[in-house]
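Engineer: Let me give you the structure first, and then I'll get to my questions.
The values are calculated or read from the model by the stated rules, or taken from the named source; none is laboratory data. These numbers were taken from a predicted model, which means no experiment stands behind them. Virtual Cβ from ideal backbone geometry, glycine too; neighbours counted across all protein chains shown. Side chains included, ligands, DNA and RNA excluded: accessible areas come from the protein's heavy atoms. Shrake-Rupley method; radii C 1.70, N 1.55, O 1.52, S 1.80 Å.
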Amino acid sequence: MKTTALVLGTALIPLSASAGYPVDSEFKATLSNRVFNQTLDSLLSGVTGQNSGPLPDIQVHDPAEVSITGLQVSLDYSFPKPVQTDDPRVWLVQADRLAASLRIQKVVADKTVTQQIGGIDITVRLHGECSNVELTLPAGAAQAQATVKASLLGDHIQFDLQDFSATWEPGSWTVVSMDCSGPDGFGAIIADEALTRLRSIAPFLGQIEDQLKARLSTLSATPLASLFPNPPAKSTDLYQVDFEVQSAFDLNSGSVMIGGIAHFVFPTLNAGGVPATAIPLASGSPLSPPADGSGDQSSLLLPYRTTQLLLLVGQALGELQADFSTQDIPAFSSFMNNRIAQFFVWRDLLYFGTKAVFKMRALVSGGAYFWNPEQAATNDGTLSGILQAPLTLQVYAPKDGAYVHYLDFTTSLSQMGSLQLKGGVLSLHTTDPNISLGSTWNPDYVKRYHPDQTIHAGEIAKVAGPFLRDSGLSHAVPAFSLGALGTIAPSEWKLENGDLRVFFDVKP
């Protein structure tokens, strides 16, 4: 298999289409108070459930011997979106639906009554049974609420249930069914007894509370790494990343600092020469807080060397482009009015009017690499380095009331450039206006219009080179999905003591 190699600092990295290059890197992430709490809020939203379970048998001895067996309770509840309290890590959750039903398999009552009639004591034993007893509590007749506290615990978020309480109004329960045998009125007595027992929610509190605790226990098992979005789909063939969170703590601003190891894999790079240890942050401990107040924003701090690798595989650089027209280049506008120059340089332009406007698109047309062994950067986040990239300048000619792909100018750049992320837009400028161009006519255009293909691309390079240097190429960096929270998009970056901090905008 043929491979080529790129130099990154002092490391030689071979490219291969079938291997994978794993890179471990320290990282430090700051989740702003708003983003972190929105995430927790989303996790806690919509706690719903159904539960069915037995209750202990009931034995009553006074005023009659009553045995109530086979009790089964069913609960149906919903806790909607929680409400944050004054404490940024404590939420109030309240049930907007709490319904219940109680089934009793059998009720058996025995009572011995002794009365004196005509001087004679007469003892009468009363016996009755009820089965298929069902009572219901309609939704809305009960209320339940609790507070949930969130805290950072290693690489997880710990949720704890506090101050749980629930109640319902006496008389809310109704009898749905009851099959009784025995003395007249026995069923009514049993119904009254059952409803009396249901005046308090106490026998049910355990089931509801246990369900909430089970839900919070599941959430507490969610690793902090799940808060990090996956890369956009277009990146997945160039790199994958998993974040291993090792520790976290709260900052004074209410933000959360998370540190650990980011495991990158670059499928297009050969595995030879894999670093034995993780690339360290130049700023020291992954959890050293930012000194400039940047903890108020969500950001990701990576070693500059890791960033070089991300730029090396060229996903973002491959999206860079610039759209313009010949009117945007004064030198080209003059060229359109100079028929003599057109005859010697670009003869087919003689068949267009002097006021004809051509559309152009400059774009990186293949694997692009931006590397910088000197590691130079300015305070505004402009990175300086060597750009290696194939560049295509597509030209579209006005024909038949539309713009038709006319020809392409191509070059292979290898020169100093500057790269900047600002306002979510990645922009690249070269520092050298001197480029060499080749030309390729669009075969469909040639077949249809038979142009004069006499062209001296070197003269066009003298016009296009300075314009491309000054205008640059750019593209809006794609956003990552945060599910219900919306999207998080890289906004800007800056160099911090040898590390690169990327700031993010979060949008609903």
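Engineer: Answer yes or no: is there a residue in region 105-116 that is farther than 28 Å from F186 by Cα, open to solvent by 20 Å² or more (accessible area, probe 1.4 Å) and modelled with pLDDT of 75 or more.
Structural biologist: Going residue by residue through region 105-116, those that are farther than 28 Å from F186 by Cα are none.
Checking region 105-116: not a single residue is farther than 28 Å from F186 by Cα, open to solvent by 20 Å² or more (accessible area, probe 1.4 Å) and modelled with pLDDT of 75 or more.
Engineer: With respect to A214, is the statement that it is more than 30 Å from A109 (Cα to Cα) and either outside any helix (DSSP H, G or I) or at pLDDT 75 or above (or both) true? Walk me through how you get there before you give the answer.
Structural biologist: Working: more than 30 Å from A109 (Cα to Cα): yes; either outside any helix (DSSP H, G or I) or at pLDDT 75 or above (or both): yes.
So A214 fits the description; yes.
Engineer: Further, regarding this structure: Taking region 152-193, which residues are out of contact with any strand residue (DSSP E or B) (no Cβ under 6 Å at 6 or more places or on another chain) and assigned to a helix (DSSP H, G or I)?
Structural biologist: Hits for region 152-193 are A188, I189, D192, E193.
Engineer: Checking S294 against (1) at pLDDT below 75; (2) touching a strand residue (DSSP E or B) at 6+ places or on another chain (Cβ under 8 Å); (3) open to solvent by 30 Å² or more (accessible area, probe 1.4 Å), only one condition comes out false. Which one?
Structural biologist: The one condition S294 does not meet is (3).
Engineer: Among the numbered criteria (1) modelled with pLDDT of 85 or more; (2) farther than 22 Å from G423 by Cβ, which single criterion is violated by A362?
Structural biologist: So the condition that A362 fails would be (2).
Engineer: Further question: Looking at (1) within 30 Å of F186 (Cβ to Cβ); (2) out of contact with any strand residue (DSSP E or B) (no Cβ under 7 Å at 6 or more places or on another chain); (3) at pLDDT below 75, find the lone condition where A64 falls short.
Structural biologist: So A64 meets the others, but not (2).
Engineer: Of the residues that sit in region 136-149 and are modelled with pLDDT of 85 or more and of a type outside the set (K, R), which one is surrounded by the fewest Cβ atoms within 10 Å (Cβ to Cβ)? Steps first, please.
Structural biologist: At the first step, the residues of region 136-149 found to be modelled with pLDDT of 85 or more are 136, 145-149.
Next, from what is left, pick out any that are of a type outside the set (K, R): 136, 145-148.
Details: T136: 18, Q145: 15, A146: 22, T147: 17, V148: 25.
In this case the residue turns out to be Q145.
Engineer: Taking the residues in region 310-328 that are of a type in the set (A, V, I, L, M) and open to solvent by 10 Å² or more (accessible area, probe 1.4 Å) as candidates, determine which candidate is modelled with the lowest pLDDT. First the steps, then the outcome.
Structural biologist: Taking region 310-328 first, the residues of a type in the set (A, V, I, L, M) are 310-313, 316-317, 320, 322.
Cutting the leftovers down to open to solvent by 10 Å² or more (accessible area, probe 1.4 Å) gives us 310-311, 313, 316, 322.
Numbers: L310: 73, L311: 71, V313: 58, A316: 61, A322: 88.
Of everything passing the filter in region 310-328, V313 is modelled with the lowest pLDDT.
Engineer: Separate question: Between residues in region 14-34 that are under 21 Å from Y304 (Cα atoms) and among the hydroxyl-bearing types (S, T, Y) and residues that are part of a helix (DSSP H, G or I) and at pLDDT below 65, which pairs lie under 8 Å by C-beta distance while being six or more apart or on different chains?
Structural biologist: Pairs that qualify, where the first residue is under 21 Å from Y304 (Cα atoms) and among the hydroxyl-bearing types (S, T, Y) and the partner is part of a helix (DSSP H, G or I) and at pLDDT below 65, are T30/S294; T30/G295.
Engineer: Which residues, counting only those in region 460-492, are under 17 Å from A29 (Cβ atoms), open to solvent by 20 Å² or more (accessible area, probe 1.4 Å) and at pLDDT 80 or above?
Structural biologist: Scanning region 460-492 gives a single hit, E492.
Engineer: Quick one: is D444 open to solvent by 30 Å² or more (accessible area, probe 1.4 Å), within 43 Å of the chain's Cα centre (by Cα) and among the acidic types (D, E)? Working first, answer last.
Structural biologist: Numbers: open to solvent by 30 Å² or more (accessible area, probe 1.4 Å): yes; within 43 Å of the chain's Cα centre (by Cα): no; among the acidic types (D, E): yes.
Against the criterion (open to solvent by 30 Å² or more (accessible area, probe 1.4 Å), within 43 Å of the chain's Cα centre (by Cα) and among the acidic types (D, E)), D444 does not qualify.
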